[in-house]
Amino acid sequence: MVHTLKRKQQLQCDISTAWKFFSAAKNLSDITPEDMSFIVRTELYDDEIYEGMLIDYYISPLFGIKLDWQTEITQVEKNKSFTDFQKKGPFKLWNHHHEFTENENGVLMTDIVTYELPLGFLGEIAHNILVKNKLENIFNFRYKILETKFYKR
């Protein structure tokens, strides 16, 4: 079964600041909980993401089991949106669309993740028992980090 996780967060910054941070794949480690043991394996420079870019990671989503994960950037509209799609990894489907909308308070960031687990009904059981809460926790952690990072005093 395909699931959707949608999150919105108001960032108190301008669009170029938001885009620079989120379009640099190396920053993903900074907004991922430590217990995920998230490591970007691809040698990245300060270049922004681009369509067709492949990024390799190690990730330990559950029980400390280390997995390979590869995503491809499938869509980029500078200062507006980008999409990363899992090419290899723990999900049957993982499509993460990031959207940035300027407003009077800065930038409204919207994440829409469409995902599906492998193994049919066993994957659904795992989703209900573990995965759904794990994803919620990851995005809650991310929210807190971004609130601190993009909060104007």
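The values are calculated or read from the model by the stated rules, or taken from the named source; none is laboratory data. Model, not experiment: these values are computed from the prediction. Neighbour counts run over all protein chains shown; Cβ positions are idealised from the backbone, glycine included. Surface accessibility is based on the protein's heavy atoms, side chains included, excluding ligands, DNA and RNA. Shrake-Rupley method; radii C 1.70, N 1.55, O 1.52, S 1.80 Å.
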For S60: the one exception among (1) surrounded by 16 or more Cβ atoms within 10 Å (Cβ to Cβ); (2) under 27 Å from G120 (Cα atoms); (3) among the small types (G, A, S): (1)
Just the residues that are of a type in the set (F, W, Y) and either in contact with a His (Cβ under 7 Å, 6 or more places away or on another chain) or part of a strand (DSSP E or B) (or both), please, taken from the range 79-126. F82, F85, W94, F100, Y115
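Take D35 and tell me if it is in contact with a Lys or Arg (Cβ under 8 Å, 6 or more places away or on another chain), farther than 21 Å from Y151 by Cβ and open to solvent by 20 Å² or more (accessible area, probe 1.4 Å).
no
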S29 vs. criteria open to solvent by 60 Å² or more (accessible area, probe 1.4 Å) and part of a helix (DSSP H, G or I): no
Only listed residue being out of contact with any helix residue (DSSP H, G or I) (no Cβ under 6 Å at 6 or more places or on another chain) and open to solvent by 40 Å² or more (accessible area, probe 1.4 Å), chosen from L135, L122: L122
Within the range 65-84, identify whether any single residue is at pLDDT below 95, loosely packed, with under 12 Cβ neighbours inside 10 Å and out of contact with any helix residue (DSSP H, G or I) (no Cβ under 8 Å at 6 or more places or on another chain), and answer yes or no. yes
